[in-house]
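A.B. asks: My questions will all concern the structure given below.
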Amino acid sequence: MFTPQGPSLRELAVQGLSSVEHGYDLLADAFDATPFRTSDRLLTAVTRTLEPLGPFDSGLDVCCGTGAGLGVLRAVCAGRVTGVDFSTGMLGRARDAHPGADLVRADALALPFAPVFDLAVSFGAFGHFLPDAQRTLFGQVHASLRPGGTFAFPLPAPPPVGSRLYWILWGFDAAMRVRNAVWRPPFVMYYRTFRLADVRGRLREAGFDVSLTPVETLGRREDGSPRCRLVVARKPQERTA
Ligand SMILES: C[S@@+](CC[C@H](N)C(=O)[O-])C[C@H]1O[C@@H](n2cnc3c(N)ncnc32)[C@H](O)[C@@H]1O
């Protein structure tokens, strides 16, 4: 929910008419008071789900923003924790909140890392990547993980077709398509371009073995399926001759 500490409607409109990078620079100071910041409830639930999959050594939060996922990494990683984002403003807030983390300004589509990380996570940012860009993103994360490393992220179940949330997200994406047809620079942010079956396929194309773990603390839907799954993509170990 938006709060009085969050951005005004005008500030959000200016952000939405900018590029993604500049838009987040403008929003950075108020970002944690918006619903775009991943909720502590989801972060805690993901931490609980990741714990039994460890132990993990060094961790990377891809598109870290103000650092929501860095707390998860600090909870489950014994080694160094790094956040990467292309918004200087967001990285500044992350630096304030997580002084012990390494914070790197880079495009997630061209990550500057050797294959050293044991665990990579990402929260709330996949809507910024259209399907072709998702392929590049997954390839870049794969290249940043050591053999045997894990890329994990939560994927909430889609809202039932026809529900209120379904139409809100449908309306948001439609408005975004119109905005991007008539305005430059584009602001890529879509809610309905990140579906489980496609995502699984793209992760496999990037070289990952993929499994799904229910995020049990977030509960189940009426049909018994989990409200949220943790996608666990593992980079295979190198074969020994
Ligand atoms: C909605 S925010 C999510 C921030 C944080 N992960 C969270 O869950 O609260 C999306 C973040 O992705 C970053 N981002 C989007 N596209 C990016 C790209 N191509 N490279 C690096 N960062 C990117 C933005 O700068 C922004 O900080």
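A.B. asks: Suppose each label sits 7 Å from its Cα in the direction of the beta carbon; what would the W170-T44 distance come out to in nanometres?
C.D. replies: My value for the distance between the label points is 3.4 nm.
A.B. asks: Specify the angular offset, from 0 to 90 degrees and rounded to the nearest 10, of the alpha carbon long axis of helix 164-182 from the longest principal axis of the alpha carbons in the chain.
C.D. replies: Here the helix axis deviates by roughly 80 degrees.
A.B. asks: With springs only between Cα atoms under 10 Å, which of P55, P115, P160 fluctuates most in a Gaussian network model of the chain?
C.D. replies: For the chain, modelled as a Gaussian network with Cα springs under 10 Å, the answer is P160.
A.B. asks: If you don't mind, there's one more thing I want to ask. In Å, what is the Rg of the alpha-carbon atoms in the stretch 60-133, and how long is Dmax?
C.D. replies: Taking only Cα atoms of the stretch 60-133, I get Rg and Dmax of 11.6, 34 Å.
A.B. asks: Would you mind checking the radius of gyration and Dmax of the chain based on alpha-carbon positions, in Å?
C.D. replies: Spelled out, the Cα radius of gyration and Dmax of the chain are 17.6, 61 Å.
A.B. asks: Calculate, in nm to one decimal, what L212 and R195 gain on full extension: separation in residues at 0.36 nm each, minus their alpha carbon distance. Before the final figure, lay out each step's value.
C.D. replies: Values: separation 17, 0.36 × 17 = 6.12 nm, distance 1.35 nm.
Extending this stretch completely gives an extra 4.8 nm.
A.B. asks: Quick check: pseudo-label points 7 Å beyond the Cα along Cα→Cβ at V161 and A97, how many nm apart are they?
C.D. replies: Label at V161, label at A97, 3.7 nm between them.
A.B. asks: On a 0 to 90 degree scale, rounded to 10, what angle separates helix 196-205 from the longest Cα axis of the chain?
C.D. replies: 50
A.B. asks: Full-extension gain between A78 and A133, please, as 0.36 nm times their residue separation minus the C-alpha to C-alpha distance.
C.D. replies: Working: separation 55, 0.36 × 55 = 19.80 nm, distance 3.10 nm.
Gain in length upon complete extension: 16.7 nm.
A.B. asks: Considering only V141, G224, G83, whose Cα is most displaced toward the positive end of the charge dipole of the chain, charges sitting on Cβ of Lys, Arg (+1) and Asp, Glu (-1)?
C.D. replies: Result: G224.
A.B. asks: Per-residue ellipticity at 222 nm for the chain, helices alone: DSSP H runs ≥ 4 residues times -39500 (n - 2.57), over residue total, nearest 500 deg cm²/dmol?
C.D. replies: On the way: 8 runs with 89 residues, N = 241.
Here the helix-only value at 222 nm equals -11000 deg cm²/dmol.
A.B. asks: For the chain, modelled as a Gaussian network with Cα springs under 10 Å, which listed residue fluctuates most, A143, A133, A181?
C.D. replies: Highest fluctuation of the listed residues: A181.
A.B. asks: Find me the longest stretch of the chain that has none of the exposed trypsin sites (Lys or Arg not before Pro), where exposed means in a DSSP loop (not H, G, I, E or B) with at most 16 other Cβ atoms within 10 Å. Could you put the intermediate results ahead of the total?
C.D. replies: Working: sites that count: R80, R192, R195, R221, R227, R239.
The reported range is 81-191.
A.B. asks: Among all stretches of the chain without exposed GluC sites (Glu not before Pro) (DSSP loop, at most 13 other Cβ atoms within 10 Å), which one is longest?
C.D. replies: Working: sites that count: E222, E238.
The longest uninterrupted stretch comes out as 1-221.
A.B. asks: Rg to Rh for the stretch 102-241: what is it, with Cα atoms only and Rh by Kirkwood?
C.D. replies: Working: Rg = 16.8 Å, Rh = 16.7 Å.
Using Cα coordinates only, the ratio equals 1.01.
Readers should treat all values here as calculations from the given coordinates under stated rules, not as data from a laboratory. Bear in mind that the values here come from a model prediction, so they are computed numbers and not experimental data. Ideal geometry is used to build each Cβ from the backbone, glycine not excepted, and the neighbour counts take in all protein chains shown.
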